[in-house]
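Quick notes on the structure that follows.
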Amino acid sequence: MASPKVAAALEEAAKSANIAEYSAILSNIKSLSSPDTIDTDLKAFADAVLTGNLGVVSTRTLVTDLIAALRTLENHDLWIEVGQHVVRSIPTTPLSSSLIEQSATLRELIATAHEANEDFLDAAKLLAEIPLDSSQRRVPDTDKAAIWVRIVRNYLEVDDSTAAETYLNKLKNVMHEVSDPELNLHFRLSAARIQDSNRQFLQAAKSYHDISFSPAIAEDERLHTLAMAIKCAILAPAGPMRSRALGQLYKDERSAGLEEYGILEKMFFDRLLSAAEVDKFAQDLAPHQLAKTSDGSTVLAKAVVEHNLLSASRLYSNIGFDELGLLLGLDGDKAEETTARMIEQGRLAGSIDQIDRIIWFEGGEASGEKGSGRAEVPVGKEMRRWDSNVQALAEDVERLTDALQAEFPDFVAAQIAV
C-alpha cells in the first residue's frame, strides 16, 4: 500500500486524468516518499498508470518516465523490486501491445541490477525474454548483438557454456553487420571462452592469442589474454598442431615476462615435465580446465602424460612398455594404450611390438593425419644410414667415371653416356 502522501497525490491525479500531475509525482517522489516506502509507492504509481484509463500515448510516456526515475535513484535492489512488478503487470493491461519497448527497457534495467549484484543467471534469463525478432518491434543488428553478447557473458560467468553457445551462434549471423569495435571484441572473447570451456584448447589458444594483439584493450588485459592462450596451448593434445601453437607463443616476446613462460619453454623444446612443475601450473587453472575426463584423469594430467610421451620419443629410439610407464607415472598397459592412441591419431610417429612389449619411435614430427602414425619425412637412424650409404655409392661411381674419362677418353665416349 502506498504511503499517505503518494496515495493522496495519485487519487488527485486520477480524478483529473492529467498526465502533468502524474509526472509531478515522479519528479517529487523523493520528498513525497521515504526510503522505507519508496518501493511500494512506485509500484502503486505503476498500477495507477497501467489501468488503461489514460490512453496509449500518456501511458507509454509515464512508464518511460518511471524507468527514468528508477535510473536516477541508483538503487539496484529497487530496480529489481519495482522493475519486476511492472514487467509482470504490463501483460495484464489492455495496452500491453503498445508497451513492448518499455517492457524491453525495463528488462535491460533489471538485468543491469542483477549483474551488479553478481546474479548472472537471473540477468541472462531476463535479457533472453526481450523480444528481438518481433514483427511489432524492429531491432537493429547492433542492438541485437549488444543484448546477445550480454547474455553470452552472463552464462559464461556461471560456467554454462552450452546456453552461452546457443546465443553465440545467433551472434554469428549478425556480427558481419556490426561495426562497433567493443561489441566485436566481446564477441571474439566470448567465442574464445566457449572454446576454452568446451576443451577445444587449440582453437581457444589461437583465439586468445589473436585477441592479445588488440589495441582496444589495456596492456595488462592483453597480457592476461596471452597467458590464457599459453594455458590453453599447454592443455591441448600433444602433436604437430600443438607444437606449432607453442612455437608461435614462445616466439612472442611478451611471453618471457609471464609466469607460464617456464613450462611453455619446456614444452616447446620437448623437455620432460616434473610433478612439481605441473602442480605449480595447476594452481592458476580454472575449474573446467581441471575437470576429469571420461577415463578419470584430469585434462591437465592427460596433456602432461602425452607431452612427456612425446618428449620420450625424442630421447629414445625404443623403450619397453613398463619402462615407459615408469617414466610417465602409469602402468605398462596404460602406457601402451596411450602410445597406441597417439600413433593412431597421427600425433606420434612410431610402431608397437606387442610380442616383445617394445615401442619403436621413428623420430621427427608426426603427420597429424589420423591413422597414419608415420613421420612426414622419415628421419630415423635407419633411414639416415640408408641415405648416407646411397650418397657414398653415388660419389664413388662419379669418382670412378671421372678417372676413366681422364685415362681412357675414347673408351668412355664409346661406352658410357656422360
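The values are calculated or read from the model by the stated rules, or taken from the named source; none is laboratory data. Note that the structure is predicted; figures quoted are calculated from it, not measured. With ideal geometry, Cβ positions are generated from the backbone for all residues, glycine too; neighbour counts draw on all protein chains shown. Note: areas computed on protein heavy atoms with side chains; ligands, DNA, RNA excluded. Shrake-Rupley method; radii C 1.70, N 1.55, O 1.52, S 1.80 Å.
List of remarks:
- Close pairs (7 angstrom Cβ cut-off, 6 or more residues apart or separate chains): closer than 14 Å to ALA104 by Cα in the stretch 139-150, open to solvent by 20 Å² or more (accessible area, probe 1.4 Å) and not in a helix (DSSP H, G or I) anywhere: none
The rows are residues; the columns are (1) hydroxyl-bearing (Ser, Thr, Tyr); (2) under 18 Å from ALA8 (Cα atoms).
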{"residue": "LEU32", "(1), (2)": "no, yes"}
{"residue": "ASP41", "(1), (2)": "no, yes"}
{"residue": "THR59", "(1), (2)": "yes, no"}
{"residue": "ALA69", "(1), (2)": "no, no"}
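- Scanning the stretch 85-106 turns up one or more residues that are within 38 Å of the chain's Cα centre (by Cα) and outside any helix (DSSP H, G or I).
- In the stretch 194-219, the residue that is modelled with the highest pLDDT out of those that are hydroxyl-bearing (Ser, Thr, Tyr) and more than 13 Å from the chain's Cα centre (by Cα) is SER212.
- Between ASP333, ASP353, the distinction of being closer than 30 Å to ARG271 by Cβ, modelled with pLDDT of 85 or more and open to solvent by 80 Å² or more (accessible area, probe 1.4 Å) belongs to ASP333 only.
- Hey, GLY55 open to solvent by less than 60 Å² (accessible area, probe 1.4 Å) and over 18 Å from ILE29 (Cβ atoms) or not: yes
- The combined condition, being open to solvent by less than 30 Å² (accessible area, probe 1.4 Å) and under 45 Å from the mean Cα position of the chain (by Cα), is fulfilled by LEU42.
- Of the numbered criteria (1) closer than 26 Å to ARG242 by Cα; (2) modelled with pLDDT of 85 or more, the one ALA392 fails is (1).
- Residue that is farthest from CYS232 (Cα to Cα), among those in the stretch 246-274 that are small (Gly, Ala, Ser) and touching a residue at least 24 places away in the same chain (Cβ under 8 Å): GLY257
- In the stretch 320-347, the residues that are over 14 Å from ALA303 (Cβ atoms) and without any contact (Cβ under 8 Å) to a residue 60 or more places away in the chain reach residues that are of a type in the set (Asp, Glu) and assigned to a helix (DSSP H, G or I) with C-beta atoms within less than 6 angstrom, at least six apart or across chains, in these pairs: PHE321/GLU336; GLY332/ASP322.
- Any chance PRO237 is out of contact with any Phe, Trp or Tyr (no Cβ under 6 Å at 6 or more places or on another chain), open to solvent by 10 Å² or more (accessible area, probe 1.4 Å), in contact (Cβ under 8 Å) with a residue 60 or more places away in the chain and not hydroxyl-bearing (Ser, Thr, Tyr): yes
- Where helices (runs of 4 or more DSSP H) sit wholly within the stretch 114-231, those with at least 2 residues that are more than 28 Å from HIS76 (Cα to Cα) occupy 161-172, 181-197, 201-211.
- Enumeration of residues in the stretch 275-311 that are open to solvent by 50 Å² or more (accessible area, probe 1.4 Å) and either outside any helix (DSSP H, G or I) or out of contact with any helix residue (DSSP H, G or I) (no Cβ under 7 Å at 6 or more places or on another chain) (or both): ALA275, ALA276, ASP279, LYS280, GLN283, ASP284, PRO287, LYS292, SER294, ASP295, LYS302
- Tallying residues that are under 29 Å from SER317 (Cα atoms) and either touching a His at 6+ places or on another chain (Cβ under 6 Å) or open to solvent by 100 Å² or more (accessible area, probe 1.4 Å) (or both) within the stretch 384-408 yields 5.
- Scan of the stretch 90-104 for residues that are surrounded by fewer than 18 Cβ atoms within 10 Å (Cβ to Cβ) and closer than 23 Å to ASP122 by Cα, ordered by number: PRO91, THR92, ILE100, GLU101
- Filter result (open to solvent by 90 Å² or more (accessible area, probe 1.4 Å) and of a type in the set (A, V, I, L, M, F, W, C)) within the stretch 207-223: PHE213
- First in the stretch 159-187 and small (Gly, Ala, Ser), second anywhere and part of a loop (DSSP other than H, G, I, E, B), Cβ under 7 Å, 6 or more apart: SER161/ASN198
- Qualifying residue in the stretch 183-206 (condition: farther than 30 Å from PRO91 by Cβ, surrounded by fewer than 21 Cβ atoms within 10 Å (Cβ to Cβ) and β-branched (Val, Ile, Thr)): no
- The lone exception for ASN173 - which of (1) at pLDDT 90 or above; (2) buried (at least 16 other Cβ atoms within 10 Å of the Cβ) it fails: (2)
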